[in-house]
1. Pairs LYS12/LYS136; LYS47/LYS187; LYS82/LYS208; LYS6/LYS117; LYS33/LYS100: which exceed 31 Å Cα-Cα?
2. So what is the accessible area of the chain per residue, in Å², with the probe set to 1.4 Å?
3. Separation between the LEU75 and GLU126 pseudo-spin-labels, each 7 Å from Cα along Cα→Cβ, expressed in nm?
4. What nm value, rounded to one decimal, do you get for the distance between LYS86 and ASP138 when each label is placed 7 Å out toward the C-beta?
5. Between VAL65, GLY114, THR93, whose Cα lies farthest towards the positive end of the dipole of the range 43-151 when Lys and Arg beta carbons carry +1 and Asp and Glu beta carbons carry -1, centred on the Cα centre?
6. So the label point goes 7 Å from the Cα of ASP3 along Cα→C-beta, right? Which residues of the range 52-71 then have their backbone N under 14 Å from it?
7. Which residue fluctuates most in the GNM of the chain (Cα springs below 10 Å): LEU57, LEU110, LEU183?
8. I'd like the Karplus ³J(HN,Hα) series for the range 13-22: coefficients 6.51, -1.76, 1.60, θ = phi - 60°, whole numbers in Hz, and an x wherever there's a Gly or Pro.
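The values are calculated or read from the model by the stated rules, or taken from the named source; none is laboratory data. Remember, it's a predicted structure, so these values are computed and weren't measured experimentally. With ideal geometry, Cβ positions are generated from the backbone for all residues, glycine too; neighbour counts draw on all protein chains shown. Accessible surface areas use protein heavy atoms only, side chains included; no ligands, DNA or RNA. Shrake-Rupley method; radii C 1.70, N 1.55, O 1.52, S 1.80 Å.
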Amino acid sequence: MDDYIKIENLYKTFDAHGTALEVLRGVNLSVRKGEIFGIIGFFGAGKSTLARCINRLETPDSGNVRVGGVDILKLSKSELLKERRKIGMIFQTFNLFESKTVYKNISYPLEISGFSKQEIDKKVLETAELVGLSDKLDAYPGGLSGGQKQRVGIARALVNNPNVLLSDEATSALDPQTTMQILDLLKKINLTTGITILMITHELDAIKYTCERMAVLEDGVIIETG
């Protein structure tokens, strides 16, 4: 299997009230195409920063990030926008629009990408069916359970047919039963679409249950892979 995500010597420092805070200190990582790969670490290990460097929501100080052979750090603004559509992201806090229906939440990325009404409708219905939300499209987030909200977040991340799904602590706000349902859903999506999933979490059980391989991130460095 080919490496689909290749990270080399990644460094990222933040300015914390005039003090340089080194969050990533030379991260090296390879993720194969089509696998579910786990990254585990304690709070503050740099996991979320690593995820945000992969889709360049954060720009690293130095190093390389290649996704599907494309060097993410060398792209212009317009090239980056185009490339970002191939990288879906799900968050711990759901990040939903409370004033929009489930349908509108899922369709949002397609609307800003300029798809036609017909295309949007087709993709939203397909994606909603994949995540088990076909009967909730007219509902608002306020009336949904945590698990259903996370399904909306997953659907929104998938609706553009990305090649990579970054799951940043996607189950840590959920109860154990709902967590299992979301992990089963991620496995099903991986099996159905062949998407590469990078799962970032502090829950070892979630990684054991879902991932083929994993890496341990500690103090901004990968200390173990396997």
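1. Over 31 Å apart, Cα to Cα: LYS12/LYS136; LYS82/LYS208; LYS6/LYS117; LYS33/LYS100.
2. Accessible area per residue, the chain: 49 Å².
3. 2.1
4. Result: 3.9 nm between the two label points.
5. Working it through, the farthest residue towards the positive pole turns out to be VAL65.
6. Counting only backbone N, you get 63-71.
7. Of the options given, LEU57 has the highest mean-square fluctuation.
8. For the range 13-22, the Karplus curve yields 10, 10, 8, 9, 6, x, 10, 6, 10, 7 Hz.
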